[in-house]
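Down below is the structure, laid out as C-alpha cells.
The values are calculated or read from the model by the stated rules, or taken from the named source; none is laboratory data. The shown structure was predicted, so the numbers you read here are calculated from the model rather than taken from an experiment. We place every Cβ from the backbone using ideal geometry, glycine too, and count neighbours over all the protein chains shown. Only protein heavy atoms, including side chains, enter the accessible area calculation; ligands, DNA and RNA are left aside. Shrake-Rupley method; radii C 1.70, N 1.55, O 1.52, S 1.80 Å.
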Amino acid sequence: MRHVFEERIPFNRVLGIQVVELAADHVMARVDMRPDLVGHFSYHRLHGGVISATLDAVGGVAVMAAIGARHMDEPPARRLERFLKLGTIDLRIDYLRQGIGDFFTARGEVLRLGSRVASTRMEFHGPDGTLIATGAAAYIVS
C-alpha cells in the first residue's frame, strides 16, 4: 500500500509525501520543505494548498489501511480493487499557524468506516511538533 500511495499517485510524488507509519487505525506521513512548495516567498512558508492536499491524502490512505485491515480474509487483488472506489466527498481544513520549517508531519485516523462512507480526522505538524492545521474529511468507499 505504501508503494501505491507514494509512487503510483503522481500528485503525491509531486508533493513528496512519504509514509512514515502505516497501521490499521492511523497513518503518519512526512513532507520535506522544498522551494517549489513555498506559498509566500518573503517568509519561506509552505503553501496552504500543500497542507490541504497532504491532509486529504493522509486521510485517504488511512481509510485504505482501515479497509485493508477489515478485509484481510480477501486476496490482495480484491482489496486493491476496493481502493479504486475511494474518493473524497467532503474536506474541511482549519489553518492554525504558518507552515515554516524544514519538514512537516501529517497524521490521519479513521473515526468511522461504514459500508458506504468513512469519516477521518487529520493533523499537520511542524518540525517541533507544533500543530499547524487540522482537517476532517468524508470519503466514499463503495
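What to note about this one:
- The range 125-142: number of residues that are part of a strand (DSSP E or B), out of contact with any Asp or Glu (no Cβ under 6 Å at 6 or more places or on another chain) and among the β-branched types (Val, Ile, Thr): 2
- Scope the range 1-21; condition more than 17 Å from residue 109 (Cβ to Cβ), touching an Asp or Glu at 6+ places or on another chain (Cβ under 7 Å) and open to solvent by less than 30 Å² (accessible area, probe 1.4 Å); matching residues: 12, 16
- Sole residue being at pLDDT 95 or above and basic (Lys, Arg), chosen from 92, 45, 78: 92
- Residues satisfying the stated conditions in the range 7-16, i.e. within 13 Å of residue 60 (Cα to Cα) and not in a helix (DSSP H, G or I): 9
- The residue pairs whose first member lies in the range 119-132 and is among the aliphatic types (A, V, I, L, M), whose second member is open to solvent by less than 40 Å² (accessible area, probe 1.4 Å) and in a loop (DSSP other than H, G, I, E, B), and whose beta carbons are closer than 8 Å, counting only pairs six or more residues apart or on different chains, are 132/99; 132/126.
- Within the range 104-142, considering residues that are of a type in the set (Val, Ile, Thr) and at pLDDT 95 or above, the one farthest from residue 15 (Cα to Cα): 117
- Verdict on residue 58 being aliphatic (A, V, I, L, M), within 21 Å of residue 137 (Cα to Cα) and touching a Ser or Thr at 6+ places or on another chain (Cβ under 9 Å): yes
- Restricting attention to the range 94-124, the residues that are of a type outside the set (Lys, Arg), open to solvent by 90 Å² or more (accessible area, probe 1.4 Å) and in a strand (DSSP E or B) total 2.
- Among the residues of the range 26-47, those that are within 13 Å of the chain's Cα centre (by Cα) and either of a type in the set (Lys, Arg) or under 13 Å from residue 59 (Cα atoms) (or both) comprise 26, 27, 28, 29, 30.
- Matching residues in the range 22-37 - criterion: being open to solvent by 60 Å² or more (accessible area, probe 1.4 Å), part of a loop (DSSP other than H, G, I, E, B) and either basic (Lys, Arg) or in contact with a Phe, Trp or Tyr (Cβ under 9 Å, 6 or more places away or on another chain) (or both): 34
- Every listed requirement among (1) surrounded by 13 or more Cβ atoms within 10 Å (Cβ to Cβ); (2) on the phi < 0 side of the Ramachandran plot is met by residue 44 save one, (2).
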